[in-house]
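Input: a single structure, listed below in C-alpha cells.
The values are calculated or read from the model by the stated rules, or taken from the named source; none is laboratory data. Note that the structure is a prediction, hence the values are computed from the model and not measured. Cβ placement follows ideal geometry from the backbone for every residue including glycine, while neighbour counts extend to all protein chains displayed. Quick note on the areas: whole protein, heavy atoms, side chains included, nothing else; ligands and nucleic acids left out. Shrake-Rupley method; radii C 1.70, N 1.55, O 1.52, S 1.80 Å.
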Amino acid sequence: MTEFPISGFREKETPFYYYDISLLKKTLDTIKRTSAYPGFKVHYALKANSNPELLRIISSYGLGADTVSAGEIRTAVDTGFPAAKIAFAGVGKTDAEIELAIKYGIGAMNVESLPELENIRDIACRLDICANVAIRVNPEIDAHTHHYITTGLAENKFGTLECDLEPMLRIIKDCDRLNFTGFHFHIGSQITTMEPFRILCERINKLQEKYSDMEIPTLNVGGGLGIDYDDPDLNPIPDFKGYFDTFARYLRLRPGQELHFELGRSIVAQCGSLISRVLYVKEGHQKKFVILDAGMTALIRPALYQAYHRIDNLTSESDKKAEYDVVGPICESSDTFGENIILPLTHRGDIIAIRSAGAYGETMASTYNSRPLPQTMFFDNF
Ligand code: LLP
C-alpha cells in the first residue's frame, strides 16, 4: 500500500502530481534484475513522463532513452542519458529535428517511411555526418488494447510494411552516410497479457530468417507493457519478469545481437498520483457529485480514452460510504474522473488521490482555460 505524506499534502496548494520516488527506484531495481539477459538493453520512453527529477533517477540506473521530438532529445541529454543510448522515433520528424539528432550522434533514428529515409539521407549527406538509422516495421499484430493506442495493425499510420522494406534497405546500402542499426517494432500500449509479445517474437524470428544474410546489429521491440489500474496497491510493480522472460524464451537473438526495449508506462505510472482537493460536494437529484480542483487539464486520460484511474479519499475519517461522480471544474461533460465511485463520505476540503497517474499524466497536461500546469511533489522515504 502506497503511503501518502498527508500532512505535507494539507499544506500544499492543489492540484499537484505526487511521485513516490522509492517506488520508482524499486521498479527500476526490478527492471535491472529481470532484464539481465545477454544483449538486453532497456530504454525509457520520455513521452510517458519527462519530469527532469524522474529522468535523472532513471538515467542513473543506466537506461537509454526513447524520444519523439527535438525537445525530448534535448531533455534526455540534459538529464544524463548519453546520446548513443537515445533513440528518436515518430512518424513526422521535421528537417530541424533530423539535423539535431544527427549532430548529437544519437544511437538510432527509427525511420517510418521511404520519403522520410530519403530526407534523412539528404540531410546526412549535406551535413557530411553519418546517421544511425533503424527501420520501423509494422508487424501487423493486434495488441487488443484501446484503439487509440494500438499501433501495430496494417491500417495504422506507423511504420513500414514488410513488403515495402526492399527499396528502403537498398537506399541504406547505397549511401555511406547511413548506418543501418536494425529493425524497430512497437505493437501498442497498456498490453496486459504476454501473448501479443510472444506473437511479436515469432514475427521477428521470421523476419530474421528472411534476412539471414544481412547484418542486423539491433532489434528494438518498443514498449507496451501494461499496469494494474484497478489495484495499484496490490500490483505496484508490473510483471517485468514475465515480460523479459517472454522475449528471452521466444525471440531467437543472433550471437552478439542487442535487443532494445522502450518502456514508458510500466516504469512510471504507479509511482505517480494526481493530488486534488474537494471544492464542493453537490447533491443532485439522482447523483452526488464530488467537484475537484483538478480537471482534464491536469489529467486527460479519463476524458480522452475513457481510462479508469482508481480514486482514493485520503482524509475522510468516515466509515460510512456513498456513491459519487468525481468530476473536474471544467466546462466539458467529459471532464469526469469517474462515475458511480464508492468513497467514504466525502466533504469539502478532503484530499483526493487519483492513482496510477505517473504515465501520460503530467506530460499530457494543458493550460486550457488558462489554468496553470500542475505542480509536482516528490517523496523518497529511503
Ligand atoms: N515506443 C513507441 C514507438 C511508442 O509509440 C510508445 C508509446 C512507447 C514506446 C512507450 O509505450 P508504453 O511502454 O508507455 O506503453 N497517451 C496514451 C499512451 C500512448 C502511447 C504511445 N506510444 C495513454 O495515456 O494511454
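Tabulated data
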item: Candidates PHE40, PHE16, PHE9 - the one that is surrounded by fewer than 23 Cβ atoms within 10 Å (Cβ to Cβ), among the aromatic types (Phe, Trp, Tyr) and closer than 19 Å to LEU219 by Cα; result: PHE40
item: Matching residues in segment 84-101 - criterion: being more than 23 Å from PHE185 (Cβ to Cβ) and either within 15 Å of the ligand (Cβ to nearest atom) or of a type in the set (A, V, I, L, M, F, W, C) (or both); result: ALA96, LEU100
item: Restricting segment 47-66 to residues that are in a helix (DSSP H, G or I) and in contact with a Phe, Trp or Tyr (Cβ under 9 Å, 6 or more places away or on another chain), the residue that is farthest from LEU274 (Cα to Cα); result: SER59
item: From ARG170, ARG198, ARG252, residue being basic (Lys, Arg), more than 16 Å from the ligand (Cβ to nearest atom) and in contact with a Cys (Cβ under 9 Å, 6 or more places away or on another chain); result: ARG252
item: Which numbered condition ASN132 misses (of (1) crowded, with 22+ Cβ neighbours inside 10 Å; (2) within 18 Å of GLY223 (Cβ to Cβ); (3) modelled with pLDDT of 95 or more); result: (2)
item: Residue list for segment 3-35, restricted to those being under 22 Å from ASN235 (Cα atoms), part of a loop (DSSP other than H, G, I, E, B) and either free of Cβ contacts under 8 Å to residues at least 40 places away in the same chain or touching a strand residue (DSSP E or B) at 6+ places or on another chain (Cβ under 6 Å) (or both); result: PRO5, SER35
item: Segment 124-150 residues that are within 18 Å of ARG170 (Cβ to Cβ), paired with ones that are modelled with pLDDT under 85 and within 16 Å of the ligand (Cβ to nearest atom) (beta carbon under 9 Å, 6 or more apart); result: ARG136/PHE158
item: Which listed residue is of a type in the set (Ser, Thr, Tyr) and either within 30 Å of ARG249 (Cα to Cα) or within 15 Å of the ligand (Cβ to nearest atom) (or both), from TYR104, TYR44, TYR18; result: TYR44
item: Enumeration of residues in segment 264-286 that are surrounded by fewer than 19 Cβ atoms within 10 Å (Cβ to Cβ) and in a strand (DSSP E or B); result: LEU279, TYR280, VAL281, LYS282, GLU283
item: Breaking point among (1) surrounded by fewer than 24 Cβ atoms within 10 Å (Cβ to Cβ); (2) in contact (Cβ under 8 Å) with a residue 24 or more places away in the chain, for ALA84; result: (2)
item: Cross-chain or 6+ apart pairs with Cβ under 8 Å, segment 239-253 first and without any contact (Cβ under 8 Å) to a residue 12 or more places away in the chain and outside any helix (DSSP H, G or I), then open to solvent by 10 Å² or more (accessible area, probe 1.4 Å) and charged (D, E, K, R); result: none
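Matching residues to (1) buried (at least 19 other Cβ atoms within 10 Å of the Cβ); (2) within 16 Å of the ligand (Cβ to nearest atom):
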site: LYS288; (1), (2): no, no
site: ILE311; (1), (2): yes, no
site: LEU314; (1), (2): no, no
site: ASN340; (1), (2): no, no
site: THR363; (1), (2): no, yes
site: THR367; (1), (2): no, no
